[in-house]
1. For Ser25, are the conditions met, namely being over 21 Å from the mean Cα position of the chain (by Cα), within 26 Å of His107 (Cβ to Cβ), in contact (Cβ under 8 Å) with a residue 40 or more places away in the chain and surrounded by 11 or more Cβ atoms within 10 Å (Cβ to Cβ)?
2. Does Asp59 qualify as being open to solvent by 20 Å² or more (accessible area, probe 1.4 Å) and at pLDDT 95 or above?
3. Of Ala124, Ala96, Ala106, Ala102, which residue is in contact with a Gly (Cβ under 9 Å, 6 or more places away or on another chain) and either surrounded by fewer than 16 Cβ atoms within 10 Å (Cβ to Cβ) or not basic (Lys, Arg) (or both)?
4. Within the range 23-70, track down each residue that is of a type in the set (A, V, I, L, M) and farther than 26 Å from Asp163 by Cα.
5. Checking the conditions here, which among Leu129, Leu148 is without any contact (Cβ under 8 Å) to a residue 40 or more places away in the chain, aliphatic (A, V, I, L, M) and surrounded by 15 or more Cβ atoms within 10 Å (Cβ to Cβ)?
6. Select, from Arg45, Arg84, Arg73, the only residue that is open to solvent by 80 Å² or more (accessible area, probe 1.4 Å) and farther than 22 Å from Ile177 by Cα.
7. Kindly provide the set of residues from the range 136-169 that are of a type in the set (A, V, I, L, M, F, W, C) and within 30 Å of Arg61 (Cα to Cα), ordered by number.
Amino acid sequence: MLSASPAYADWKPIERVETYPVTGSTGAELYASIGENGPKAGNGRVIAYTDFKLTWNRDYREKGGSCTLAAARPKLIITYRLPRPKGKLPPATANAWKNFIAGVEAHERVHGQMIVDMVHEIEAATIGLTVPDDPGCRKIREIMTERLAAISARQRQRSREFDRAEMSNAGAVHKLILALVNGR
């Protein structure tokens, strides 16, 4: 009844970095400013945040009463929101900040890769999908909506699990925070 082909279009995401200002001359002051000025996510503010906008150009083809998604080309824009100090930092703080922000950006880029992986999973689950007895290509869209919801839910769960591990005691981001606040 349903079939799908894992054929991928050749595309690359557009990646953007947006910053928000933080102030302070010590790591502790910078971290406190992050708490006051960081992007809102969930119930509070976060150090950094990755989000995305995903749109598609899809080519549905009807033949013999069936509908096939012949091609789909994503346009993916990933935006990383990161803190950036206003003004010049003292040398020791600047060095601690450099290490901190490099680690935070690396963490956010893992989230970006998870988003790219999700788009590839969507391609694999939908390109080539054929639904019989679907004049007007309505049923195929319903089936795709169900598949996309499940794929999206898995991506969000992976992202939450990654954050939980990274922010836990002895996690990579937790260590970055401690090193910044303690001036290392």
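The values are calculated or read from the model by the stated rules, or taken from the named source; none is laboratory data. Just so it is clear, the model here is predicted, and its values are computed rather than measured. In this analysis, Cβ positions are derived from the backbone assuming ideal geometry, glycine residues included, and neighbour counts consider all displayed protein chains. Each accessible area value is taken on the protein alone, full model and side chains, heavy atoms only, with ligands, DNA and RNA left out. Shrake-Rupley method; radii C 1.70, N 1.55, O 1.52, S 1.80 Å.
1. yes
2. yes
3. From the options Ala124, Ala96, Ala106, Ala102, the qualifying one is Ala96.
4. Result: Leu69, Ala70.
5. So the residue among Leu129, Leu148 that is without any contact (Cβ under 8 Å) to a residue 40 or more places away in the chain, aliphatic (A, V, I, L, M) and surrounded by 15 or more Cβ atoms within 10 Å (Cβ to Cβ) is Leu148.
6. Arg73 is the lone residue from the list that is open to solvent by 80 Å² or more (accessible area, probe 1.4 Å) and farther than 22 Å from Ile177 by Cα.
7. Listed by number, the residues that qualify are Cys137, Ile140, Ile143, Met144, Leu148, Ala149, Ala150, Ile151, Ala153.
This table checks each residue for (1) in a helix (DSSP H, G or I); (2) farther than 21 Å from Glu18 by Cβ; (3) without any contact (Cβ under 8 Å) to a residue 24 or more places away in the chain; (4) of a type outside the set (D, E, K, R).
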position	(1), (2), (3), (4)
Lys98	yes, no, yes, no
His111	yes, no, no, yes
Val116	yes, no, no, yes
Ala153	yes, yes, yes, yes
Val173	yes, no, no, yes
Leu176	yes, no, no, yes
Leu180	yes, no, no, yes
